[in-house]
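A quick write-up on the structure given underneath.
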Amino acid sequence: MTTDDALPPLPEDWSTALAVAAHPDDLEYGAAAAVARWTDQGKRVAYLLLTRGEAGIDTMAPEESAPVREREQRRACAEVGVDDVAFAGLPDGVLQPDLALRREVARAVRRVRPDVVVVNASRDWGGVPDQADHRALAAALVDAVRDAGNRWVHRELLQEGLEPFDGVREVVHVMDAEPTHAVDTSDTLDRGMASLRAHETYWEVLGSMPEEGLREGAAEAGQRQGVASAALVRRQGLKPEG
């Protein structure tokens with residue numbers, strides 16, 4: 001039974017999504033359980049990680065950390081039915097909303113040719129600004145998606161055999177501060193949490209994992225929707241309605 005403030009369900013009349021994140025583990029904070037739902041429906045979901053997360057473990061040098069974090073991200077993706085995982089190799093910790101970032105996203109959009117793009121929302125958390133790489137991705141994402149449809153931007157992509165693609169109809173921002181829709185993750189939350197736990201080296205070094213808080217947040221969102229758990233999202237349309 002839904003509540004008076006329940007949000008409409010996110011339309012799922014699409015077949016392919018590209019999920020974009022700055023680092024390994026980012027999408028496991030909120031999107032992964034929704035991804036598991038979509039792959040269960042037979043949808044194709046591909047991941048693009050802009051960095052290998054090599055600056056994320058203080059006790060491991062970047063050249064040691066990068067392959068570990070990449071390997072654990074692939075394990076996390078396997079938990080939610082994703083086998084198309086690309087790493088752009090941009091430098092961790094110093095991403096900029098520049099042409100290099102836009103080119104990597106445009107390259108992935110042209111390769112995957114998705115109907116929707118999924119990203120974690122960049123927002124303040126309890127008054128604390130989001131991490132710099134997340135803000136950079138948020139600032140450049142829509143421009144990058146539009147770049148994918150312009151033949152004369154990033155011309156080198158044509159030489160790679162990647163023809164323009166302007167079929168992305170919307171961006172789905174997960175855990176946005178002003179959500180417009182919801183995704184029922186009642187049947188897939190456990191798999192989303194399994195994908196989070198796959199980053200075992202990262203959590204071992206940090207000393208704690210936010211699974212309990214994420215489960216509580218999903219349950220609160222689910223209560224609003226009248227289901228066991230949910231992910232709240234904001235739709236940002238890129239195509240005219242109708």
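The values are calculated or read from the model by the stated rules, or taken from the named source; none is laboratory data. Computed from a prediction, not measured in an experiment: that's the story for all the values here. Cβ sites come from the backbone with ideal geometry, for glycine too, and all protein chains shown count toward neighbours. Note: areas computed on protein heavy atoms with side chains; ligands, DNA, RNA excluded. Shrake-Rupley method; radii C 1.70, N 1.55, O 1.52, S 1.80 Å.
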Nearest-20 debye value, the chain charge dipole, Cβ charges on Lys, Arg, Asp, Glu: 880 debye
Suppose a student asked you for the relative contact order of segment 25-181, using Cα pairs under 8 Å spaced at least 6 residues apart; what percent would you report? 25 percent
Over its Cα atoms, what ratio of radius of gyration to 2.2 N^0.38 Å does segment 192-231 give? 1.36
Springs between alpha-carbon pairs under 10 angstrom, Gaussian network model over the chain: which of 31, 194, 61 fluctuates most? 61
Of 141, 157, 206, the most mobile residue in a GNM of the chain (C-alpha springs, cutoff 10 Å) is 206
Are there GluC sites (Glu not before Pro) in segment 98-195 that DSSP puts in a loop and that have at most 14 other Cβ atoms within 10 Å, and which ones? 160
Compute, for segment 174-242, the length of the dipole vector about the Cα centre, with Cβ point charges of +1 (Lys, Arg) and -1 (Asp, Glu) only. Units Debye, rounded to 20. 280 debye
Please compute P(r) over all alpha-carbon pairs of segment 116-187, binned at 10 Å starting from zero, and give each bin as a whole-number percent. 17, 37, 30, 14, 2
Grab the Cα-Cα distance for residue 163 and residue 124, subtract it from 0.36 nm times how many residues apart they are, and report the gain in nm with one decimal. 10.4 nm
What's the whole-number percent of alpha carbon pairs in the chain lying beyond 30 angstrom? 22 percent
More than 21 Å apart: what percent of Cα pairs in segment 130-242 qualify? 57 percent
Using a Gaussian network model on the chain with a 10 Å cutoff between Cα atoms, which of 65, 186, 208 fluctuates the most? 208
Distance in nm between residue 83 and residue 156 label points, each 7 Å along Cα→Cβ, equals 3.1 nm
For the chain, what is the calculated [θ] at 222 nm in deg cm²/dmol (nearest 500), taking -39500 (n - 2.57) for each run of four or more DSSP H residues and dividing by its residue count? -11500 deg cm²/dmol
Carbon/sulfur fraction of accessible area - segment 1-52, other protein chains in place, 1.4 Å, %: 50 percent
